[in-house]
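Take a look at the structure below.
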Amino acid sequence: GESVGLHLPTLSVQEGDNSIINCAYSNSASDYFIWYKQESGKGPQFIIDIRSNMDKRQGQRVTVLLNKTVKHLSLQIAATQPGDSAVYFCAGDPSGNTPLVFGKGTRLSVIA
Amino acid sequence: EAQVTQNPRYLITVTGKKLTVTCSQNMNHEYMSWYRQDPGLGLRQIYYSMNVEVTDKGDVPEGYKVSRKEKRNFPLILESPSPNQTSLYFCASSLSARDIGQYFGPGTRLTVT
């Protein structure tokens, strides 16, 4: 079955630096991935998604990179701000017709 | 405002006392689901619903029931809660299971003593 996990449970970055959060998945048939941000006391919030026919997708200050060869995706946050402090989850679609599988999350702490 | 609402937000109850956590969305979404979130385990899906009157088990359905009589509502029912169901619960909805991102509710923190 699908497993989706993140490489590091915590990440600390200086304000203004770029952040990179990594995620690996196991099922090569997975074709849809989402990154979520969860702030303390709130539900997960959609950030950006990517389908397997793409290698890169950009949003406002965020970029997701997908490497299907090594089954790895990353979330890059440019010019990290204190408001970016949260837990970030990647989620993958294991088969196309079943719901997403969530990773355990990486806690991003921004140092002012 | 597009949103998913859950009630109650906090609940402390005792073992065996039936409870229902309500979930409602105002976006006419077809797909709704329930998750529980536990430290070190991340988000795990309990049940999901592709549409009205269609529900399916997720990864951890034991001890839970759901119903989908209307498109907007998807209540989670614990017939006989036990302490291992103490958790943070999230309801989510999206246009379809594979559509762009899911909207999550604010969460319900349940404690079963």
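Readers should treat all values here as calculations from the given coordinates under stated rules, not as data from a laboratory. Keep in mind that what you see is a predicted model, and the values were worked out from it rather than measured. Cβ: placed from backbone, ideal geometry, glycine included. Neighbour counts: every protein chain shown.
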note = Expressed to one decimal in nm², the mean projection of the alpha carbon convex hull of the protein assembly as shown is 12.1
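Per residue of B:77-86, how many C-beta atoms from partner chains lie within 10 Å of its own C-beta, taken as a mean?
The mean count of partner-chain Cβ atoms within 10 Å per residue comes to 0.
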request  = Mind checking B:52-64 for the average number of partner chain beta-carbons within 10 Å of each residue's beta-carbon?
outcome  = 1
remark   = Straight-line reach check, B:Lys69, cutoff 20 Å on alpha carbons, 8 or more apart in-chain or any other chain, hits among lysines -> B:Lys18, B:Lys57
key: Hits among aspartates and glutamates - C-alpha to C-alpha of A:Lys37 under 15 Å, sequence gap 8 or more where chains match   = A:Asp49, A:Asp84
request  = Would you mind computing, in nm to one decimal, how far apart the modelled labels at A:Gln58 and A:His72 are, each placed 7 Å from Cα along Cα→Cβ?
outcome  = 2.2
task = Report the longest stretch of chain B that contains none of the trypsin sites (Lys or Arg not before Pro) sitting in a DSSP loop with at most 13 other Cβ atoms within 10 Å.
result = B:19-68
query = Using bins 10 angstrom wide from zero, how does P(r) for chain A break down, in % of all Cα pairs?
reply = 16, 49, 29, 6, 0
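Based on the Cβ-Cβ distance of B:Asn7 and B:Thr111, what FRET efficiency does E = 1/(1 + (r/R0)^6) give at R0 = 22 Å, to the nearest 0.05?
0.85
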task = Read phi for every residue in the stretch B:84-89 and hand back ³J(HN,Hα) as whole Hz from Karplus 6.51 cos²θ - 1.76 cosθ + 1.60, θ = phi - 60°, with x for Gly and Pro.
result = 6, 9, 5, 5, 9, 10
task = Tabulate in residue order the Karplus-calculated ³J(HN,Hα) for the stretch B:22-28, using 6.51 cos²θ - 1.76 cosθ + 1.60 with θ = phi - 60°, rounded to whole Hz; enter x for Gly and Pro.
result = 8, 9, 9, 10, 10, 10, 6
query = For q = 0.14, 0.19, 0.20, 0.22 Å⁻¹, what log10 I(q)/I(0) does chain B give under the Debye formula with an equal point scatterer on each alpha carbon and no solvent?
reply = -0.50, -0.92, -1.02, -1.23
key: chain B, relative contact order in percent, only Cα pairs under 8 angstrom and at least six apart counted   = 36
